[in-house]
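Here is the structure we will look at, set down as structure tokens.
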Amino acid sequence: MAHVVLKDLVKTYGSFKAVNDVSLTVNDGEFVALVGPSGCGKTTTLNLVAGLIPITSGEIVIGDRVVNDLDPKDRDIAMVFQNYALYPQKSVYKNLAFPLQMRKLPREAIDKKVRDAARVLDMTELLERKPRELSGGQQQRVALGRALVRDPAVFLMDEPLSNLDAKLRVQMRSEIKRFHQDLKATIIYVTHDQLEAVTMADRMAVMNGGYLQQYDSPAQVFAHPVNMFVASFVGSPAMSLVPLQASTANGNTVLTGAEGWQFELSPHNAQKVASAKTKKVVLGARHSTIKLHKSAVPASVPAKAYTVEPTGDVTFVQALLSGAIVNISVSPNVAVAPDEQIWLEFDQERMHLFDGETEMALKVN
Ligand SMILES: Nc1ncnc2c1ncn2[C@@H]1O[C@H](COP(=O)(O)OP(=O)(O)OP(=O)(O)O)[C@@H](O)[C@H]1O
Ligand SMILES: [Mg+2]
């Protein structure tokens, strides 16, 4: 396996920048997810690494080689796509063997590689079937197998699970993760599904509008999102973002909501707010860090319940606060009705604060 380095990677179409100065390193054996909303440049980035489209500027290193000018076939990569692109007339065995025959490997070597891959992916008993005789998940496994037999330096996967139904997707998610662990493979995996990225990847590269926003472990991205985009993109239900005004009185920093209520910040959070460019501050809070009260308690703020969604284990309440919608999770035995007056208590240790102008996370200077 090999490491991959992207340096100042740019791809433009006319005046449009699909990939904007993206730099990142994928370590040898690492599973990296490229994640972001539709159109953010994930597939373009992957195709640049694969060599399927030419780069505008920058550098791509795979292993110890700069591959900018190499053909896809010389880059030592294998791709797995959303549509599996299997040969319908060929058996699974022949689908797996075909890329090796093209490389003119001896018949015994091909047979060994095909059977090894089939064993790794637990599909030995499927080798004689045709693709149409397989389920979606099994076809996806054949597509993985076809990448595997090529023994590439890097696996590139573009939304490989998005054609599968929800249940199968979860199952294949663990299978690909297992595949990565067993092979210690270097994998770059494109998905628009933040949950797939969070659950599978060692590190996730969150993209938006062609820009790399944050590149870190899922735990770090979740705990310390660098800006409001990342904060609201990663995690479900999304982190609530409430626009507020900061002010200082008698040495204390308070945040004021559109309805006029106020609460006082802890010294640590006050220090963060002191670094904001303007008085506009956005409070970010995940559902599990907000307490819902049926009557006012100290440091709580008044809000109005909007929708109530029981899911079984947990009930999600959406509330209106300072012009924003706030997601709160409560135990199913808490009875809340739409339009009911409620009070919310934010955990100061776990709240996020963003600059209302730049949308960047506020830090203690
Ligand atoms: N050949 C092309 N010519 C012009 N614009 C293109 C071309 N290919 C892609 N784009 C644009 O570049 C941007 C990034 O596209 P890309 O396919 O990389 O998005 P993506 O992140 O993979 O999205 P999705 O999740 O929908 O697959 C989009 O705005 C797209 O319209
Ligand atoms: Mg795409």
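When the chain is described by a simple charge dipole with +1 on each Lys and Arg Cβ and -1 on each Asp and Glu Cβ, the residue from Asn47, Ala303, Pro88 located farthest towards its positive end is Pro88. Per residue, the Cα convex hull of region 237-355 amounts to 96 Å³.
Run the numbers for His293 and Ser232: contour at 0.36 nm per residue of separation, minus the present Cα-Cα distance, in nm.
Details: separation 61, 0.36 × 61 = 21.96 nm, distance 2.44 nm.
My answer for the length gained is 19.5 nm.
Lysines near Lys11 by alpha-carbon distance under 29 Å, same-chain residues fewer than 8 away left out - which ones? Hits, sequence-local ones excluded: Lys42, Lys73.
Between rounded, prolate and oblate, where does the chain land on the alpha carbon gyration tensor, with a ≥ b ≥ c its root eigenvalues, rounded for a/c under 1.5, else prolate if a/b exceeds b/c? Walk me through the intermediate numbers first.
Values: a/c = 3.22, a/b = 1.89, b/c = 1.70.
Here the chain falls in the prolate category.
Computed from label points 7 Å out along Cα-Cβ, the spacing between Gln101 and Ala274 is 7.3 nm. For the peptides 316-328, 251-263, 102-114, the ranking by packing is 316-328, 251-263, 102-114, with the highest mean count of neighbouring Cβ atoms within 10 Å listed first. Projecting label points 7 angstrom from Cα along Cα→Cβ for Asp74 and Val314 puts them 5.2 nm apart.
Calculated FRET efficiency, Ser247 and Tyr211, Cβ-Cβ r, R0 45 Å, to nearest 0.05? Mind showing how you got there, number by number?
On the way: r = 33 Å, r/R0 = 0.73.
The formula returns an efficiency of 0.85 here.
Using the Cβ-Cβ distance between Asp111 and Lys184 with R0 set to 25 Å, the FRET efficiency from 1/(1 + (r/R0)^6) comes to roughly 0.55. Annotation for Val5 and Glu128: the two label points, set 7 Å from Cα along the Cα-Cβ direction, are 5.1 nm apart. Need the C-alpha centroid separation for region 208-237 versus region 137-205, integer Å. Value for the Cα centre distance between the two parts: 21 Å. If a spin label sat at a point 7 angstrom from the Cα of Val170 along the line to its beta carbon, the backbone N atoms of region 308-328 nearer than 17 Å would be those of 311-315.
Taking the Cα centre as origin and putting +1 on Lys and Arg beta-carbons and -1 on Asp and Glu beta-carbons, what dipole magnitude results for region 237-355, to the nearest 20 debye?
Here the size comes out at about 360 debye.
Here region 83-127 and region 319-338 have alpha carbon centers that stand 53 Å from each other.
Show which aspartates and glutamates lie in cross-link reach of Lys294 when reach means a straight Cα distance below 14 angstrom and same-chain residues fewer than eight apart are skipped. Counting by Cα, and skipping residues close in sequence, Lys294 has these aspartates and glutamates nearby: Asp339, Glu340, Glu345. Report the local net charge at Pro218: Lys and Arg +1, Asp and Glu -1, summed over other residues whose C-beta lies under 11 Å from its C-beta. Local net charge: -2.
Only DSSP H runs of four or more residues enter the estimate; each adds -39500 (n - 2.57), and after division by the residues of the chain the mean residue ellipticity at 222 nm equals -7500 deg cm²/dmol.
Read-outs throughout are calculated quantities, based only on the coordinates presented, and are distinct from any laboratory measurement. Since we're looking at a predicted model, the values are computed, not measured. Every residue, glycine as well, gets a Cβ built from its backbone with ideal geometry; the counts of neighbours run over all protein chains shown.
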